[in-house]
Amino acid sequence: MGHGHHHHDHLLDGGAADVAPALDLSIPDSELSPSDVSRRGFLRGAGLLGAGAAASVLAVPSGAEAAAGQHSHGPAGGGTEKGGFTWLAGDHHIHTQYSSDGQYRAVDQAKNGRAYGLNWLVITDHGSNAHAKIGVDKVNPDILATRAELKDLLTFQGLEWNIPAAEHATVFVHPGKNEVAVLKQFEQTYDGSQLPTTNTDAQNEAAAIAGIKFLGQQVRQRKVEGALFLANHPARRGIDSPHEIRNWRDADPTVAIGFEGAPGHQAAGIKAPYGRGGARGYYDNNPSAASYAGYPLESYRTWGGFDWMTATVGGLWDSLLAEGRAWWITVNSDSHVNYLDQSVRGPGSDFELNGRYNDPVYGGGALNTTAGDFWPGYYGRTNVGATSFSYKAVMDGLRAGRVWVDHGRLIKNLDARVRVAGDRRAATGTPLGGVLQVKRGTSTELTLEIDLQDLPNWAHFIPVLKRVDVITGSVTGPVADKDTFKAPDTKVVKSFEVTPGTKKFTVTYSLGRLDKPFYLRLRGTDGNRAQPGLMGAAVDPSGPQLDVIGDADPWADLWFYTNPIWVLPK
């Protein structure tokens, strides 16, 4: 135990030297320093020593180890850009002609993504019989050619996994000579489409866990330099139960790192006849026999374009964060066929035989008003704090949770940190995804700097940020019931109105003296649509509004969200 959070370089020998003394149960209490004894007592009391502790930020190594870069959630530095990081915008959920419901070449998606301001993206064609047999091999030369042509874009190869017993997920690996072999073996062994139809739910859930563990093993065996899993559109059909999400995370926290905070398909809600007149994200479902029965009906809809699991303050995402589980949110396009595009799918195609559609015919069709998708980067983006422009730095930044997301380019840039109150050193403080450890009774504060938007977005207007919300919750340790999806202590504690016409929004907000462990996350809005959250106005007085099916203009309702920062007693 205790190895789950270390970067893979420190996992190879698996020795006890990797574990902070307080966590190394082979060391008796009598041999620990007083601070380690008290720390061990805290962890024990919170139920964080033993099974599952590896998946908790509460099981962090000492600050010195974190500063030495041995821990992915430590307050790492590096770089000179905003907040000490280079912020790279990306999209991890994109389809091509190698998906049974796709259309475009890999280079078409990549060129558009780069034109719309992305620095990295992942090609994620669907797991299916054709894809598992030949698609992974066939798309690879196209991705290699895209990498060669677009050197200022990081193009990852991944796939969209049919998670056994659950929804879909992005799985992707660091580029290298084994990227095809690893993805192909993974898909053929663990894709839901490839498993026996006689499997029970329990067998399928076990297969999903085994698949995530397989990816971690490929990294430890040095087949690939990294592998990541992010659950896609998690609330869309109600089939990602809370215990499954927790079990994915626990299977390998270096691989399973989060889920989509907002789904793609954001154009699908544009009112007819100008658009499809459907639901944002295609979130127009109802419970089925496969759904988790505990979810409310409201979970099957988007809220301000975001998934219910993320949008509900005190809801499912917060229940994970309150446990101390490092679990991150992302945003992307899920681009298959794009709104107002005029190309048509390649004629004369035989997808089942060839595992791909022929190249599209460009400009051949009418303006496609019924497509539900935007090009990568056109509407949503996942902003990753990286220490360099490289595949590894993007994966490390994602794994560390140095991530904020927005729709419609609501803001330009964001730097959020938590620090000991009054610490005025430059670029000080713990960034998004990080863990600040302080003695009990120490005062801490949030420092927030947002560069407000001064350039038109891709819908050709300049978004205006109206309000920023600070959300905090107590860290209570693991839950007894793994199907919990509420965090009763999490709420909006402060809302800041943004002065119209300002270029920069800067605030220092006191978080008080540390009396119990907590986490903090941020949210911002253009203020166009709001309603009290599902947990009540005392928890979230002015949260995102439930989206209307058939009339949900995505550009008229813009939000940003950050990933959390934890403050824990030493």
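The values are calculated or read from the model by the stated rules, or taken from the named source; none is laboratory data. Keep in mind that what you see is a predicted model, and the values were worked out from it rather than measured. Backbone-built Cβ (ideal geometry, glycine too); neighbour counts: all protein chains shown.
Of note:
- Any chance LEU320 is in contact with a helix residue (DSSP H, G or I) (Cβ under 8 Å, 6 or more places away or on another chain) and among the hydrophobic types (A, V, I, L, M, F, W, C): yes
- Pick from the range 439-452, criterion crowded, with 20+ Cβ neighbours inside 10 Å and β-branched (Val, Ile, Thr), ranking: nearest to THR387 (Cα to Cα): ILE450
- Filtered residues of the range 468-499 (kept if of a type outside the set (Phe, Trp, Tyr), farther than 28 Å from HIS243 by Cβ and in contact (Cβ under 8 Å) with a residue 24 or more places away in the chain): VAL468, ASP469, VAL470, LYS494, SER495, GLU497, VAL498
- Filter pass, ASN413 being of a type outside the set (Lys, Arg) and without any contact (Cβ under 8 Å) to a residue 40 or more places away in the chain: no
- The residue of the range 274-289 that is surrounded by the most Cβ atoms within 10 Å (Cβ to Cβ), among those that are under 23 Å from the mean Cα position of the chain (by Cα) and charged (D, E, K, R), is ARG280.
- Considering the range 533-570, and only residues there that are hydrophobic (A, V, I, L, M, F, W, C) and surrounded by fewer than 18 Cβ atoms within 10 Å (Cβ to Cβ), the residue that is nearest to ARG513 (Cα to Cα) turns out to be ALA538.
- Of all residues in the range 494-519, those that are surrounded by 15 or more Cβ atoms within 10 Å (Cβ to Cβ) and assigned to a loop (DSSP other than H, G, I, E, B) total 3.
- Test: residue in the range 264-273 that is in a strand (DSSP E or B) and either modelled with pLDDT of 95 or more or over 23 Å from PRO287 (Cβ atoms) (or both): no
- Flag for THR170 being assigned by TED's automatic domain parsing to the domain that holds ASN332, touching a residue at least 12 places away in the same chain (Cβ under 8 Å) and under 23 Å from PRO263 (Cα atoms): yes
- When GLY314, GLY281, GLY304 are checked against the criterion of being on the phi > 0 side of the Ramachandran plot and touching a Phe, Trp or Tyr at 6+ places or on another chain (Cβ under 7 Å), GLY304 stands alone in meeting it.
Yes or no, residue by residue, for (1) among the aliphatic types (A, V, I, L, M); (2) out of contact with any strand residue (DSSP E or B) (no Cβ under 7 Å at 6 or more places or on another chain):
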residue: LEU448; (1), (2): yes, no
residue: PRO456; (1), (2): no, yes
residue: ILE462; (1), (2): yes, yes
residue: PRO488; (1), (2): no, yes
residue: VAL492; (1), (2): yes, no
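- Test result for ARG417, buried (at least 18 other Cβ atoms within 10 Å of the Cβ), among the basic types (Lys, Arg) and not assigned by TED's automatic domain parsing to the domain that holds TRP555: no
- Matching entry among GLY363, GLY422 (being loosely packed, with under 15 Cβ neighbours inside 10 Å, assigned by TED's automatic domain parsing to the domain that holds LEU446 and small (Gly, Ala, Ser)): GLY422
- Qualifying residue in the range 329-337 (condition: surrounded by fewer than 24 Cβ atoms within 10 Å (Cβ to Cβ) and over 30 Å from VAL479 (Cα atoms)): yes
- Residue in the range 397-419 that is of a type in the set (Val, Ile, Thr), more than 26 Å from the chain's Cα centre (by Cα) and farther than 30 Å from LEU340 by Cβ present: no
Residues are listed down the side, and each one gets a yes or a no for (1) in contact with an Asp or Glu (Cβ under 7 Å, 6 or more places away or on another chain); (2) not in a strand (DSSP E or B):
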{"site": "ARG521", "(1), (2)": "no, no"}
{"site": "ARG529", "(1), (2)": "yes, yes"}
{"site": "GLY536", "(1), (2)": "no, yes"}
{"site": "VAL539", "(1), (2)": "no, yes"}
{"site": "VAL548", "(1), (2)": "no, yes"}
{"site": "ALA552", "(1), (2)": "no, yes"}
{"site": "TRP555", "(1), (2)": "no, yes"}
{"site": "TYR561", "(1), (2)": "no, no"}
{"site": "LEU568", "(1), (2)": "no, no"}
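- Pairing each residue of the range 328-354 that is under 16 Å from LEU230 (Cβ atoms) and in contact (Cβ under 8 Å) with a residue 12 or more places away in the chain with any residue that is assigned to a helix (DSSP H, G or I) and of a type in the set (Phe, Trp, Tyr), provided the two are 6+ apart or on different chains, yields C-beta distances under 7 Å for ILE329/TRP317.
- GLY281 touching a Ser or Thr at 6+ places or on another chain (Cβ under 9 Å) and either of a type in the set (A, V, I, L, M) or not in a loop (DSSP other than H, G, I, E, B) (or both): yes
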